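Derivation of every value follows stated rules applied to the coordinates shown; laboratory data play no part. Quick caveat, the model's predicted, so the values are computed rather than measured. Ideal geometry is used to build each Cβ from the backbone, glycine not excepted, and the neighbour counts take in all protein chains shown.
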Amino acid sequence: MLKGRHLIDPMDLSVEELERLFELAGKIIEDPKKYAESCKGYLLATCFYEPSTRTRLSFEAAMLRLGGQVLGFSSSDSSSASKGESVKDTIQTIGCYADICAMRHPKEGAPKVAALASPIPVINAGDGGHQHPTQTLTDLLTIRSLKGRLSNFTVGLCGDLKFGRTVHSLIKALARYDGIKFVLISPEELKIPDYIREEILIKNNIEFEEIERLEHTIGTLDILYMTRVQRERFFNEADYIRLKDSYILDKSKMKMAKEDLAVLHPLPRVNEISVEIDNDPRAVYFKQAKYGMFVRMALIIKLLGVEEC
Ligand code: CP
């Protein structure tokens, strides 16, 4: 039962719970009208202290498509955080008005702090460079829907693996499936954090390699997960400018890839995927954004514990 629980880290859901969630998402995709009133009378609060297009709007679309309603703020400037209010006080207040809350915050751990004080379920919608569990649900549903399974893949993760929270969450989640090999493609300065390498990959005996050149490995990959260099997390603009165009996936690189490669990206993209490949059937990042709404519909139903059709 997920009713009343928080989602702060991808490991908060077991593999079995993920499977039930994806089954529900699949049923919603097949017949969305059947779920059009599932959350009638419920309110979702979106508390976003950091900018967002997909996560906030897909949460809001999800709740509206379930017949519920939404309220919230899209920047700390438009909330009393700008007057110095703590996350703990904010969530206790939001809990007086809403039934469930999705929170994005630039500080790592802020949604967890909120969850500890919250009378309603809190969903981490991205905390600093740490985790982004609902993007991981999106990524897993995309892979499962398009490939029919979540095991036995060579998965390339490319770009900013240091600050890219979607990468950290996806590695944690995928490491629980059989036969996953990771190829971690990044400049030296943007390699995955030590805690991911040591606590997730080495400790669990997961096969992985770390390399710098995408073209050396693209032909071996089943899934390529591209990421943006996270300008907002750099301390130094000169370093960002030096590293920002480290990787550009274009037609020439796609020629070296497998026919059934799936190219994912959490978006937004900057330059790391050339628009010239957007019409390549292997480019699935806009489909992925749509799966994000459906999986958030399923998650809201589960956390609210409303009756499933
Ligand atoms: N993928 C993602 O988190 O996008 P937004 O920053 O637009 O929400």
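Here the calculated FRET efficiency for Thr220 and Leu116, from their Cβ-Cβ distance with R0 = 41 Å, stands at 0.45, rounded to the nearest 0.05.
Segment Lys287..Arg242, full-extension length gain: 13.1 nm, with 0.36 nm per residue of separation and the alpha-carbon distance subtracted. FRET efficiency for the pair Glu209 and Ser82, taken as 1/(1 + (r/R0)^6) with r the Cβ-Cβ distance and R0 = 41 Å, rounds to 0.35.
A helix-only calculation puts the chain at -10000 deg cm²/dmol for mean residue ellipticity at 222 nm, using -39500 (n - 2.57) for each DSSP H run of at least four residues, averaged over all residues. Relative contact order for the chain: 21 percent, from Cα pairs under 8 Å spaced at least 6 residues apart, divided by residue count. The string of couplings for region 104-117 from the Karplus curve (6.51, -1.76, 1.60, θ = phi - 60°) is 10, 8, x, 8, 4, x, 4, x, 5, 4, 4, 4, 5, 10 Hz, one whole number per residue in order, with x for Gly and Pro. Semi-axes of the equivalent ellipsoid of region 134-288 are 21, 20, 14 Å, computed as sqrt(5λ) over the eigenvalues of the C-alpha gyration tensor in descending order.
Qualifying trypsin sites (Lys or Arg not before Pro) in region 37-108, where qualification requires a DSSP coil assignment and no more than 12 other C-beta atoms within 10 Å, comprise Lys40.
What is the sum of charges around Pro106, taking Lys and Arg as +1, Asp and Glu as -1, for the other residues whose C-beta is under 15 Å from the C-beta of Pro106? Residues close to Pro106 contribute a combined charge of +2. Were the residues from Asp194 through Asp178 laid out at 0.36 nm apart, the gain over their Cα-Cα distance would be 3.5 nm.
Taking a straight Cα-Cα cut-off under 30 Å and skipping sequence neighbours fewer than 8 places away in the same chain, the lysines within cross-link reach of Lys3 are Lys27, Lys33, Lys34, Lys40, Lys88, Lys107, Lys112, Lys147, Lys172, Lys287, Lys290, Lys302. Normalised by 2.2 N^0.38 Å, where N counts its residues, the alpha-carbon radius of gyration of the chain equals 0.98.
If you fit an axis through the alpha-carbon atoms of helix 285-304 and take the longest principal axis of the Cα set of the chain, what angle between them do you get, 0 to 90°, nearest 10? Once rounded, the angle reads 30 degrees. The angle separating the long axis of helix 133-147 from the principal Cα axis of greatest extent in the chain is about 60 degrees.
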